[in-house]
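Undergrad: Can you keep this structure in mind? I'll have questions shortly.
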Amino acid sequence: QVQLVESGGGLVQAGGSLRLSCAASGIIFRVYAMGWYRQAPGKQRELVATITSGGSTEYTDSVKGRFTISRDNAKNTVSLQMNSAKPDDTAVYYCRASLGSAVHWGQGTQVTVSS
């Protein structure tokens, strides 16, 4: 049974920092591409950042230079370090694991950035 469990969400002031983590089980974590997505109220879910099994990263333009995605294959975790948070970053953040056609999602964690 595949499980992706996010943690670390909460309330942060604009300009502040937050670190999200996602713990994976039931998959061979090191071969999966991992990603963070977010969905704000009334908006579609969007990609925030991804990291391949080899460690290559990509970011959506709005978070470049502020967010950093990383993975720890020994601990089966992927993290998202959020710095210089903005109110527009407010959303439910989801962890995603993908390998070919196999895609798994976490349940999400709420991030709220106050102005």
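Undergrad: Summarise the accessible area of the chain (1.4 Å probe, protein heavy atoms) by the percent that is carbon and sulfur.
TA: 46
Undergrad: So what is log10(I(q)/I(0)) for region 1-67 at q = 0.26 1/Å, when the Debye sum runs over its Cα atoms only?
TA: Debye intensities relative to I(0), on a log10 scale: -1.39.
Undergrad: Now for a different question. Let me spell out the model: positive unit charges on the Cβ of Lys and Arg, negative unit charges on the Cβ of Asp and Glu, origin at the Cα centre of the chain. What dipole size does that give, in debye rounded to 20?
TA: 100
Undergrad: I would also like to ask the following. Of the candidates Lys86, Lys75, Lys43, which one comes out as most mobile in a Gaussian network treatment of the chain with C-alpha springs shorter than 10 Å?
TA: Lys43
Undergrad: In Å², what does the accessible area per residue of the chain work out to with a 1.4 Å probe?
TA: In whole numbers, the chain has 53 Å² accessible per residue.
Undergrad: Could I ask something else about it? Could you grab the relative contact order for the chain? Cα pairs under 8 Å, six or more apart, rounded to a whole percent.
TA: For the chain, the relative contact order is 36 percent.
The values are calculated or read from the model by the stated rules, or taken from the named source; none is laboratory data. Because the structure is predicted, anything quoted here is derived from the model rather than measured. Because the Cβ atoms are built from the backbone with ideal geometry, glycine has one as well, and the counts that use them run over all protein chains shown. The accessibility values were calculated without ligands, DNA or RNA, using every heavy atom of the protein model including side chains. Shrake-Rupley method; radii C 1.70, N 1.55, O 1.52, S 1.80 Å.
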